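Below you'll find the structure, written out as structure tokens, and then a few comments.
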Amino acid sequence: MTRPNLDHPTLARLKSEFHGMGLKATEFRGQTAVVVSTRLLHKMMRFLRDDEESRYDFLSDVTAVDYLNYPAKMPGRFAVVYVLSSTIYNLRLIVKTYFDPGQDTSGNQEDPSLVVDSVADLWPGAEWPEREVYDMFGIRFTGHPDLRRILLWRDYPAFPLRKDYPLRGRGEREMYNIVKRDDA
């Protein structure tokens, strides 16, 4: 097995700025990712945006992953993943933060452990993707200007992209009135 090539120019800047903070870097299929703790996330994201040698001026995606029953050992069950681009330096960087739930996630209750700082104040385009992550995974973003469901109705009883959510749902389909073509 060959050693990953971690010569991404931003890694040296992060190592210099956040020395001793426990950052980890990985590379997979040419994509460099940095793993950061949730408490350090917002500070690092601000640095990546404002640093003159990095200038990550475009947040292209915010998503989440549920690693329940994942075959490899992960730093936490859930991860929030940010994909950043620097249009000035033609760089791309993935930033991940991991955390574990503090309670059973198979129900419809919100978990106070599934919280991370919003980056919508840094990149306004993060507002809707963060809402989608909240809606589908139940991960809340502190400091978000309008954190509410975006894809499902307000009182939807669960977070359907969690892996402990049943594939057939919990009876949501049976609640709908079926409208036939002749009725419309």
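Observations on the model:
- Scan of the range 39-62 for residues that are in contact (Cβ under 8 Å) with a residue 60 or more places away in the chain and surrounded by fewer than 16 Cβ atoms within 10 Å (Cβ to Cβ), ordered by number: ARG46, PHE58, ASP61
- Given (1) in a loop (DSSP other than H, G, I, E, B); (2) hydroxyl-bearing (Ser, Thr, Tyr); (3) within 18 Å of LEU41 (Cβ to Cβ), number of the condition THR63 does not satisfy: (1)
- Residues that are surrounded by fewer than 19 Cβ atoms within 10 Å (Cβ to Cβ), aliphatic (A, V, I, L, M) and either on the phi > 0 side of the Ramachandran plot or part of a loop (DSSP other than H, G, I, E, B) (or both), drawn from the range 88-135: ILE88, LEU122
- Number of the exception - PHE47 against (1) assigned to a loop (DSSP other than H, G, I, E, B); (2) farther than 29 Å from PHE159 by Cβ: (1)
- Among the residues here, SER85 does not qualify as within 30 Å of ARG162 (Cβ to Cβ) and part of a loop (DSSP other than H, G, I, E, B).
- Any hit, the range 147-155, residues being part of a strand (DSSP E or B) and either hydrophobic (A, V, I, L, M, F, W, C) or at pLDDT 95 or above (or both): no
- Filter pass, ALA25 being in a strand (DSSP E or B), at pLDDT 95 or above and either in contact with a strand residue (DSSP E or B) (Cβ under 7 Å, 6 or more places away or on another chain) or surrounded by 13 or more Cβ atoms within 10 Å (Cβ to Cβ) (or both): no
- Condition check for PRO112 on (1) under 17 Å from LEU161 (Cα atoms); (2) without any contact (Cβ under 8 Å) to a residue 12 or more places away in the chain: one failure, at (1).
The values are calculated or read from the model by the stated rules, or taken from the named source; none is laboratory data. Keep in mind the model is a prediction, meaning the values are calculated, not measured. Note: ideal-geometry Cβ built from the backbone for every residue, glycine included; neighbour counts use all protein chains shown.
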